[in-house]
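Beneath this line is the structure, given in structure tokens, with notes to follow.
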Amino acid sequence: MRVPGYLMATCLLALTLSPAVPANADVPETWDGLVQVKAKRLEAVYVMPGADFSGYRKVMIDPAEVAFNKNWSKEMQRDPARRISDADARKIASIAQSGFDEVFVEAFGKAGHKVVTAPGPDVLRRSAAPTISSSVTNKADFMRLFEQWAGITVQGFEDIVELGQVPGDLKPKQKL
């Protein structure tokens with residue numbers, strides 16, 4: 001079943017990609033043995049004190065986890081012109097996931113980084129996804145937003161690899 005373009009555009013406005021922390025929540029200084037640091041380009045970055053990133057040459061990109069905002073379905077059903085079935089919602093989520101994943105793989109590849117599908121000693125795994133909460137109103141805007149996030153993620157990967165060795169006495173919110 002093909003999802004109409006207008007329907008995809010309408011639904012993308014409410015789409016959320018695996019939010020780890022709500023946008024207005026306080027970000028903890030430590031998390032599961034990791035310490036939050038101030039990064040050049042990213043809002044919340046956690047690293048393990050003493051970790052050595054100098055050996056990473058490849059990246060493994062976990063599939064994006066796609067979900068809709070809590071009341072998205074109810075809001076969509078209020079307007080007869082915007083009503084969609086559960087099957088359509090699953091299709092939209094699937095299209096968003098594959099689009100997001102493709103954009104990230106392409107961005108890393110264009111930057112000269114090998115993207116792999118299995119862990120290894122020289123593989124850094126990327127498993128976070130940003131939250132979409134802006135006024136994205138069509139598929140083209142949605143893809144541009146993904147491309148922007150992918151570019152920032154590639155730069156973050158390059159920054160962390162360039163960093164090499166993380167200080168063992170790392171303090172929360174320390175600039176690296």
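For this structure, a couple of remarks:
- Residues considered: Lys139, Lys74. Of these, the only one that is modelled with pLDDT under 75, in contact with a Gly (Cβ under 8 Å, 6 or more places away or on another chain) and either buried (at least 16 other Cβ atoms within 10 Å of the Cβ) or over 26 Å from Pro167 (Cα atoms) (or both) is Lys139.
- Residue selection: Ala150 fails the criterion of being in a helix (DSSP H, G or I), surrounded by fewer than 12 Cβ atoms within 10 Å (Cβ to Cβ) and either modelled with pLDDT under 85 or among the small types (Gly, Ala, Ser) (or both).
- Screening Asp86, Asp79, Asp32, Asp52 for residues that are at positive phi and modelled with pLDDT of 70 or more leaves exactly one candidate, Asp32.
- Only one of Val115, Val123, Val47, Val66 that is surrounded by 15 or more Cβ atoms within 10 Å (Cβ to Cβ), among the aliphatic types (A, V, I, L, M) and modelled with pLDDT under 80: Val66
- Within the stretch 41-64, residues that are in a loop (DSSP other than H, G, I, E, B) have Cβ atoms under 7 Å from residues that are hydroxyl-bearing (Ser, Thr, Tyr) and at pLDDT below 90 in these pairs: Asp62/Ser127; Ala64/Ser18, counting only partners at least 6 apart in sequence or on another chain.
The values are calculated or read from the model by the stated rules, or taken from the named source; none is laboratory data. Model, not experiment: these values are computed from the prediction. Quick reminder, even Gly has a Cβ in these numbers, built from the backbone with ideal geometry, and neighbours come from all protein chains shown.
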